[in-house]
Amino acid sequence: MASTLRNLLALAKNTIVVYLLYAASRLLFLICNWGIYADDITFGHTLSLFVAGLRFDTTAILYSNIIFVVMFMLPLHIKETKAFYNVARWLYVVLNSICLCANLCDCAYFPYTGKRTTFSVFSEFANEGGNMVNIIGEQVIDNWYLLIVLGIFAIILWKAFSAGTAPNKLVPYYIGHTATLALLIPLCIGGMRGGFTTAIRPITISDANKYTNRPSESALVLNTPFSIFRTLSKKALKTPNYMSEEEAEAVYSPLHTPSDSTTFRAKNVVVMIMESFGMQHIGFYNDGEGRTPFLDSLITTSARTFKYSFANGRKSIEGMPSVLSSLPNFVEPLFLTPASLNDLSGLARCLSEEKGYTSAFFHGAENGSMGFEAFAKATGFQKYYGRTEYNQDARYNGDADYDGTWAIWDEEFLQFYADKMSEMQEPFMTSVFTASSHTPFAIPERYKGRFAEGEDPLEPCIEYSDNALRNFFGKAKQQPWFNNTIFVITADHTSKHFKPRYKTTTGTYMVPIIIYAPGDSTICGYDEEQIAEQVDIMPTIMTYLGYDKPYIAFGRDVLSTNGSTPLALHWVPEFGGYEYIEGDYALHFDGQNVIRAYRYKTDISLSENILAEIEPEMLNAMTTRMKAFIQQYMQRINTNNLIVRE
């Protein structure tokens, strides 16, 4: 056992050395880019960023050293030989030197990109050929000192390397090493994921945002190997060249410029994102067949909604950017791409920074779950309330209200949500993301038997969450802020489809968009003609409030007819292309050509391809608008141009 302990200590020493060198490269990164951070950063905040970086360093170090870790603890005598020692030493030095080299490269490259290098850099320079030798050579000459630092790092790795020791007794050696390896493997997997709980997805580069005060600081939290590893399998969001940039902007521009005569009214904004609340579950849209009696009554009496309203994505992490920042989802979720580190805006940032709103995002899951906390901070939310904050509130029962899998039950968390808003200074902008209408399709014990089973096991959960909404509004109506608030209720995405209308590519994206302003009787009615999509929520709210500053939003105001074309555009992974909806038509676009067209309003099964029947002039106009939209989005994503810069 003593031999096992000595080997484990040697492995720990080797790993600590790598951690220290990652920290040194992060410090050098800060020094090299001091001019970018000097005006706003403090020692205390810098220290917190470096500490946060340890989580990302752990993932990168384990990815690059996992083979070394396994080799080091293998219960085989060959690893005590000189040959094995030399192989392990070279492996340790070379692999970690490559990773440290990547960190050092970004010391010089960061000022040009504004973010850590990702795997996309290899596709960016794929066509440079022999010219890359000249480019690299010039950079080495200009940044010669970094090459010296890399050499020092490599020498430290070589000199500091510790080897294992030979066993004194064979049986304890095999038992100890086997047991230790069995323990290390799950620990390494947890470290590579960034956590051990199933409620938190593996960390991505966007998670760095939750530790920062401004986007550029994410580079101090991240390291370059991590950024490359986490984007290895991600498709590059390539900017198509359908037309010139000037032509694309003339056809479609996401820049919203209010008129000078606009008058702002400081109403509270509440955006409620309901987990899996696809349109097929809501009785109002299905001749009364549904599981949402409260929402049905709200729509019927007091709210504005749309017969043709769509989500922009199929996952929770795709819905949040669309709803709160008017950013569509094309090819890859924004959360998982290098663009998640771009300068991002949204309802929270515009209203808090320009109009003095207080803002907060609420999600009853474990803090950090789904990357929501990081995205909320990146888009300007001042506060985040999750399971941790709920448990700290003495008015509630803490984890006694936890569903055992995902989050605090919707009923209790929405009551908490109402209470916290009553404590906020007005005007405020808040959003809540519910969680109970999700697998494993559980509802609180006290409600068992109250909500009948259905074709889909999700249906009782939908009815439970609808009842939680009823109780939330019951409390909200008693608050002084209620009549000065505009509410938007939508879903993050749809769920399993069991009704024919919702089994098509079009139906797969149909979610409610419900706008409710209790103090404004003009916001009501059922719009059966115009098309609405999640990206329309932000510009609709901004126009309603009379927001008078320019902003970027890939949507339109659906409460007025201002000349813009009602449309919906989303990525369909089934055929790896786009579905574009305008007027009576749904077009399927493979990135180059329209391959199918349907009259989706009457052909609800999308069974008749009528592409050949559309007038060429009309088809060309729709195709041009679609291409301009896609090109504008990709161009702005890839050039970090998603905010209005002064």
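So here's what we get for this one:
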| item | result |
| --- | --- |
| Eligible aspartates and glutamates near residue 238 by straight Cα distance, threshold 12 Å, same-chain separation 8 or greater | 124, 332 |
| Net length gained if the chain between residue 475 and residue 82 were fully extended (0.36 nm per residue, minus Cα distance) | 134.2 nm |
| Inter-probe distance in nm under a simple model that places probes 7 Å from Cα toward Cβ, at residue 394 and residue 119 | 5.1 nm |
| Solvent-accessible surface (1.4 angstrom probe) belonging to residue 105, in square angstrom, nearest 10 | 70 Å² |
| Ranked order, 423, 412 - accessible area, probe 1.4 Å, largest first | 423, 412 |
| Separation between Cα centres of segment 517-546 and segment 143-157, rounded to whole Å | 58 Å |
| Mean shadow area of segment 462-529, taken as a quarter of the surface of its Cα convex hull (nm²) | 6.0 nm² |
| Point-to-point label distance, residue 144-residue 12, nm (Cα→Cβ direction, 7 Å offset) | 4.3 nm |
| Over 32 Å (Cα to Cα) - which of 448/477; 210/307; 549/627 fall in this group | 210/307 |
| Segment 415-555: C-alpha pair distances exceeding 17 Å, % | 70 percent |
| DSSP beta bridges in the chain [antiparallel fraction, %, rounded to 5] | 50 percent |
| Inter-probe distance in nm under a simple model that places probes 7 Å from Cα toward Cβ, at residue 155 and residue 639 | 4.6 nm |
| Amide hydrogen neighbours beyond the local backbone of residue 577, cut-off 5 Å, H modeled | 572 |
| Segment 338-423 shape via C-alpha gyration tensor axes, a/c threshold 1.5 | oblate |
| Residues of the chain: accessible area per residue with a 1.4 Å probe, Å² | 41 Å² |
| Burial ranking of peptide ranges 452-459, 340-347 (average Cβ count within 10 Å, highest at the top) | 340-347, 452-459 |
| Computed helical MRE - 222 nm, the chain, DSSP H runs ≥ 4 contributing -39500 (n - 2.57), nearest 500 | -14000 deg cm²/dmol |
| Dimensionless Rg/Rh of the chain - Kirkwood Rh, Rg from C-alpha atoms | 1.01 |
| Rounded accessible area of residue 434 (nearest 10 Å², 1.4 Å probe) | 10 Å² |
| Cα gyration tensor, segment 414-455 - rounded (a/c under 1.5), prolate or oblate | prolate |
| Amide proton proximity set for residue 644, modelled H, under 5 Å, gap of 5+ | 552 |
| Segment 595-646 - percent of accessible surface contributed by carbon and sulfur, probe 1.4 Å | 48 percent |
| Gyration tensor verdict on segment 231-337 (Cα atoms; rounded if a/c is under 1.5, prolate if a/b is larger than b/c, oblate otherwise) | oblate |
| Rounded accessible area of residue 437 (nearest 10 Å², 1.4 Å probe) | 0 Å² |
| Amide hydrogen neighbours beyond the local backbone of residue 527, cut-off 5 Å, H modeled | 305, 306, 307 |
| Per-residue ³J(HN,Hα) for segment 473-478, Karplus 6.51 cos²θ - 1.76 cosθ + 1.60, θ = phi - 60°, Hz, x for Gly and Pro | 5, x, 6, 4, 4, 8 |
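The values are calculated or read from the model by the stated rules, or taken from the named source; none is laboratory data. In this text the structure is predicted, and so the values were computed from the model without any measurement. Every residue, glycine as well, gets a Cβ built from its backbone with ideal geometry; the counts of neighbours run over all protein chains shown. Ligands, DNA and RNA are stripped out before the accessible areas are found, and what is left, the full protein with its side chains, is counted by its heavy atoms. Shrake-Rupley method; radii C 1.70, N 1.55, O 1.52, S 1.80 Å.
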